[in-house]
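Scroll down for the structure; my scribbles are underneath it.
Laboratory data are not the source of any read-out in this text; all were calculated from the coordinates shown. In this text the structure is predicted, and so the values were computed from the model without any measurement. A quick note on method: Cβ atoms are made from the backbone with ideal geometry, for glycine too, and the neighbour counts reach across all protein chains shown.
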Amino acid sequence: MEARATLRYARISPRKVSIVMDLIRNQDLDKALAILQYTPKAACEPLLKLVKSAAANAENNHNMDKNNLYVAECYVCPGPTLKRIRPRAQGRAYRILKRTSHMTVVLKEKE
């Protein structure tokens, strides 16, 4: 039995998100929430909401015990990239890539 939550098209680079996801993978729910709350990274805010959403799904939809949950898997995939133009000297233009992410968190119960 597993509970999952996904966040699609988040306006943050997948590389930044994966650094924080490595911190919470295979951690208990309480410890993962504490790590996300006190880590000063931009990816922590959407990930904290995502983990809380997965915990609510586990409790309400699958009747799982909140005290026995842990982060079984979490992964991030790149979403579509928004392409923007930055004006430069002498009429040139540089491209700016604004990357997006699809995040998934899966919670399971400990045996």
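Things worth noting here:
- Contact map, region 59-87: residues that are closer than 15 Å to N26 by Cα and touching a residue at least 24 places away in the same chain (Cβ under 8 Å) paired with residues that are in a loop (DSSP other than H, G, I, E, B) and of a type in the set (S, T, N, Q), Cβ distance under 8 Å, separation 6+ or inter-chain. Pairs shown: Y70/N26; Y70/Q27; V71/N26; V71/Q27; A72/N26.
- Some residue of region 83-92 being exposed (fewer than 12 other Cβ atoms within 10 Å of the Cβ), of a type in the set (A, V, I, L, M, F, W, C) and more than 13 Å from the chain's Cα centre (by Cα): yes
- Count of region 36-45 residues which are surrounded by fewer than 18 Cβ atoms within 10 Å (Cβ to Cβ) and either hydrophobic (A, V, I, L, M, F, W, C) or within 11 Å of the chain's Cα centre (by Cα) (or both): 2
Here's the yes/no breakdown for (1) within 24 Å of A10 (Cα to Cα); (2) of a type in the set (F, W, Y):
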residue	(1), (2)
N68	no, no
A72	yes, no
T81	yes, no
I85	yes, no
A89	no, no
Y94	yes, yes
T104	yes, no
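- Looking only at region 1-26, and only at residues there that are under 17 Å from M64 (Cβ atoms) and touching a helix residue (DSSP H, G or I) at 6+ places or on another chain (Cβ under 7 Å), the one that is surrounded by the fewest Cβ atoms within 10 Å (Cβ to Cβ): R4
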